[in-house]
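Below is one structure, written out as structure tokens; the observations come after it.
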Amino acid sequence: FVAMASHELRTPLTAIKGFSSTLLEGVDDEIYTKDDQKEFLGIVVSECDRLRRLIDDLLNTSRIDAGESLKPNYSEFPLRELLDKVVKVQQQSTNRHTLKMDVQGEIPDTVIGDQDKLDQIITNLMNNAIKYSPNGGDITLHAMQNGDILKIGVEDQGMGIPKDHLAKVFEKFHRVNNEDNRKIYGTGLGLFLVKHLVEKVHMGRIWAESEVGKGSIFWFEMPAKLDVDKAKELND
């Protein structure tokens, strides 16, 4: 874990240092155009965000281990707006994948939950789908409602997960160890945190379905109208 975390921290820092140094060297000589500068600064900002997410994951994991709540902030918010936003943001991070949305039937206009943490759940699942589909393909965000339950899934056309790992992927630090996955770095904390945010913060459940070589789909369910008092009691 220390080796993986060190690599994950070093990668964005290397990019930030490299592009910042490049910009600094070109200040006096005006080597780079404004478009170049904008591109370099965009990369710096993106890598800073990546670094912040990693640090947040480490801090949140520490809080969970210490038995502390991740302090949910419940409210009623528009669902479709959140789904659209996540798809648009994630599409900007790749030009090898096509991100799609598949809404089946009617879904609620609004849901009750923690908006930021629901955003984090879906963003993490879509980011994983992109990361573990190195050859590109479609990434589909599914959404549907079954009675009072909201069901959301993220489907990819990537590497897939061996059956004996499906139940373990949500464990802390767990990573599928094969030749293809060794090229994809990560801490093994993302799905552990997602599981916590689904089960503890939104009183839901999460699972994965997959076939090696064909892709995976991660599903989670949660009440469309969360019982906030009950959820707060669970998180106290």
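Give me the residue from the stretch 55-79 that is part of a loop (DSSP other than H, G, I, E, B) and modelled with pLDDT of 80 or more and, out of that set, nearest to Asp109 (Cα to Cα).
Restricting to residues being part of a loop (DSSP other than H, G, I, E, B) and modelled with pLDDT of 80 or more, the top hit is Tyr74.
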Within the stretch 74-104, the residues that are in contact (Cβ under 8 Å) with a residue 24 or more places away in the chain, out of contact with any Leu (no Cβ under 9 Å at 6 or more places or on another chain) and either under 22 Å from Met203 (Cα atoms) or open to solvent by less than 90 Å² (accessible area, probe 1.4 Å) (or both) are Ser75, Glu76, Pro78, Arg80, Val89, Ser93, Thr94, His97, Thr98, Gln104
Hey, can you tell me all the residues within the stretch 129-145 that are in contact (Cβ under 8 Å) with a residue 60 or more places away in the chain, more than 14 Å from Thr110 (Cα to Cα) and open to solvent by 40 Å² or more (accessible area, probe 1.4 Å)? Tyr132
Anything in the stretch 201-234 that is on the phi < 0 side of the Ramachandran plot, touching a residue at least 24 places away in the same chain (Cβ under 8 Å) and in contact with a helix residue (DSSP H, G or I) (Cβ under 6 Å, 6 or more places away or on another chain)? List them, or say none. Val201, Ile206, Phe218, Phe220
Give the residues of the stretch 34-70 that are out of contact with any Gly (no Cβ under 9 Å at 6 or more places or on another chain), within 19 Å of Lys200 (Cβ to Cβ) and either touching a residue at least 60 places away in the same chain (Cβ under 8 Å) or surrounded by 12 or more Cβ atoms within 10 Å (Cβ to Cβ) (or both), sorted by residue number. Asp56, Leu58, Asn60, Thr61, Arg63, Ile64, Ser69, Leu70
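The values are calculated or read from the model by the stated rules, or taken from the named source; none is laboratory data. Values in this document were obtained by computation on a predicted structure and should not be read as measured data. Virtual Cβ from ideal backbone geometry, glycine too; neighbours counted across all protein chains shown. Calculation scope for accessible area: heavy atoms of the full protein, side chains included, ligands and nucleic acids excluded. Shrake-Rupley method; radii C 1.70, N 1.55, O 1.52, S 1.80 Å.
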